[in-house]
């Protein structure tokens, strides 16, 4: 009791820490995940073509993943507050100047580098580590779950805001307003300031990062897990970037694009929390196979169903349940394979494969639309990949591996 009291005396109250971390993730991720709503009007205004604009979004998927390991290293040395402050500013600046960009290179710079890089700096790697440092041990599990849910809540919140601003002020002013809204997260950078305290598990034999990575890359179960997460990234980025375009091709009003993204975010909260609960009760590889199989079935049924408003919103809800609920069992398997000592680096590699898939999902969606006038080919690719991911998890050996120093 005294220990917790001292922690709360030294650091802000737990609810403030959660508000700061989850709130920051909500604003940065919510803004980033709502950018697909602007793709069509950006194309009309610039004439660059959906493929070129999608390239900027795709580059952002990759850059967001690449930024996080470096952001985490800087946060360890400089403290999370400075890294978050810089990240929030970059998201705001990149979003604000995007309407001023009239070339593909300009969009890649604004969306793909500034906004996505800033979102990576103020992303889950730094935020979850910060929450872990500032919250008592017995409350860390639920705390990291709340932080992760913050990103989904941000999508649920920001997508309707973006739609409302677009209808009232036009897409360019709306995007700049979204950039200003992100600045509401700046107080969290001050709240979460401070240098992290390094901790070492008692009785743990240290293994170098390079040695751990070398062992992991030779392990079939780890490689199959990474392959499955590649498929997750492909699917998630395609939906986040092109779902409003898919709905537009269905002949439905633009508002349904915003509602669909919002429902996607809302049900992702439910799916993530439910999966966090299920991880401790069933085999994680089986849960992952079920999630990917559900995606394949849902997409197949969506392609066969009449494209009414109700069908679109139900589809968004089902996709939301599986959207990022792959994260708890995927991270859990990495920890089970190799233990917590090298978790950041080993899960970081798996996360990178996720973002490579995200790059392809966002970019190929635009290229397929330009070539065919619809997304059908990519939907078939998505179904095939989801079935493959469901199958590839089955042979995974869910057991702890011994890491030994060379």
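The values are calculated or read from the model by the stated rules, or taken from the named source; none is laboratory data. If you're wondering where the values come from, they're calculated on a predicted model, not measured in any experiment. Note that each Cβ is placed from the backbone with ideal geometry, even for glycine, and that neighbours are counted across all protein chains shown.
Points worth noting:
- Taking every residue in the stretch 163-180 that is at positive phi and pairing it with any residue that is surrounded by 13 or more Cβ atoms within 10 Å (Cβ to Cβ), at least 6 positions away or on another chain, the pairs with Cβ-Cβ distances below 9 Å are 170/41.
- Residue match in the stretch 217-238 (condition: modelled with pLDDT under 80 and under 30 Å from residue 134 (Cβ atoms)): no
- Every residue from the stretch 227-242 that is surrounded by 22 or more Cβ atoms within 10 Å (Cβ to Cβ) and over 30 Å from residue 256 (Cβ atoms): 228
- From the list 345, 289, the one residue that fits, being in the same structural domain as residue 253 (by TED's automatic domain parsing), at pLDDT 85 or above and either in a helix (DSSP H, G or I) or buried (at least 17 other Cβ atoms within 10 Å of the Cβ) (or both), is 289.
- Checked against the criterion of being in a helix (DSSP H, G or I), at pLDDT below 85 and out of contact with any helix residue (DSSP H, G or I) (no Cβ under 8 Å at 6 or more places or on another chain), the stretch 142-162 contains one or more residues that satisfy it.
- Checked against (1) surrounded by fewer than 16 Cβ atoms within 10 Å (Cβ to Cβ); (2) under 18 Å from residue 318 (Cα atoms), residue 253 passes all but a single condition, namely (2).
- Odd one out for residue 96 among (1) closer than 18 Å to residue 352 by Cβ; (2) surrounded by fewer than 24 Cβ atoms within 10 Å (Cβ to Cβ): (1)
- Meets criteria (surrounded by fewer than 24 Cβ atoms within 10 Å (Cβ to Cβ), more than 23 Å from the chain's Cα centre (by Cα), in a helix (DSSP H, G or I) and modelled with pLDDT under 85) for residue 52: no
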